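Bear in mind that the values in this text are calculations on the coordinates, not laboratory data. Model, not experiment: these values are computed from the prediction. Please note: Cβ atoms are built from the backbone with ideal geometry, for glycine as well, and neighbour counts cover all protein chains shown.
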Amino acid sequence: MTYVSWADTSIKVLVPSGVYGLQPVTVTTAGGTSETIDIVILTPTSLVLSAIAPVQYSDQATIQARLTDVGGNPVAGKSVTFAIGTTRQVVTTDQNGYAVWTPTITLKPGSFTVSVSFTADDHYLASSTSGAMTVAAEDVDSTYTGAATVKKGKSLAMSANVIEPADSSPGDLTKISTAYFQIYDSGGNLVKTYSGHVSVSWPGVATASTSATITLNAGTYTMKVVPISNSYYEEDAFHPVALVVTP
Ligand SMILES: [Ca+2]
């Protein structure tokens with residue numbers, strides 16, 4: 001081969017293992033002319049996803065991944081793409097190679113796969129990984145606020161407050177389609193269930209209500225409010241209260 005210039009020359013370089021990044025390649029002719037050009041040997045990368053703490057519906061998850069090169073050095077300022085199902089977010093790695101995504105979780109509680117990927121660029125090879133994320137139900141607290149006494153044969157106005165924790169990240173309480181007003185006798189047997197309509201007053205706060213003619217015999221019963229949310233919410237602690245039916 002007669003070397004004239006890089007413009008009309010092609011050379012094959014066997015890259016020793018462990019050599020990556022910008023590398024100068026120098027060609028020296030028999031006559032002693034030499035010229036150097038820089039070539040880039042793409043550097044392998046790896047992505048590691050930190051364990052994801054369980055998160056409740058409506059709350060913010062913290063999802064963290066770290067991009068490093070083949071030598072274990074952080075790769076900063078690169079875009080990595082997180083995905084849960086069809087939801088995607090591009091995050092730039094910081095100086096330590098970390099990318100953090102804090103999505104507000106609106107998924108129905110269950111188990112999900114979180115993936116993160118880095119697309120090859122002019123200097124680095126692609127990498128990707130995935131991990132598991134568990135979404136649990138958000139807490140909700142339901143308190144009976146209706147009448148505590150009713151005459152047999154008369155209408156009982158039942159109502160309840162249905163409230164989420166004040167975590168600055170309320171979910172969609174319309175997921176609670178119904179609240180059951182359950183009446184138990186003194187022996188703990190469920191004797192009546194009424195469905196209450198739930199209406200959301202403002203984010204995180206709803207009320208449930210209904211009314212019904214009470215045909216139970218006179219006595220003391222227990223009223224319990226049970227929100228039904230298709231697993232998005234779970235009652236934190238039930239607060240049964242006494243209901244007195246008078247003759
Ligand atoms: Ca919340």
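Listed here are the pairs Lys152/Lys224; Lys175/Lys224; Lys108/Lys151; which of them are more than 31 Å apart at the Cα? Beyond 31 Å: Lys108/Lys151. Each Lys or Arg adds one and each Asp or Glu takes one away; over the other residues whose Cβ falls under 10 Å from the Cβ of Ala237, this sums to -4.
Each label point was placed 7 Å from the Cα along the Cα-to-Cβ direction; for Thr36 and Val244 their separation is 9.7 nm. The trypsin sites (Lys or Arg not before Pro) of region 1-89 that meet both conditions, a loop assignment by DSSP and at most 11 other Cβ atoms within 10 Å of the site Cβ, are Lys12. Counting only residues at least eight positions apart within a chain, or on another chain, the aspartates and glutamates with an alpha carbon under 17 Å from that of Lys78 are Asp69, Asp94, Asp121, Asp122. Across region 197-203, computed HN-Hα scalar couplings (Karplus, 6.51 cos²θ - 1.76 cosθ + 1.60, θ = phi - 60°) run 6, 9, 10, 8, 7, 7, x Hz from first to last residue, x flagging Gly and Pro. Take the alpha-carbon centre of region 140-188, take the same for region 2-78, and report the distance between them in whole Å. That distance is 61 Å. Residue separation of Val205 and Lys108 scaled by 0.36 nm, minus their Cα-Cα distance, works out to 33.0 nm of gained length. Most simply put, region 1-132 has about 95% antiparallel DSSP beta bridges, counting only bridges with both residues inside it.
You can think of it this way: the chain between Ser186 and Lys152 has 10.6 nm of extra reach, that is 0.36 nm per residue less the Cα-Cα gap.
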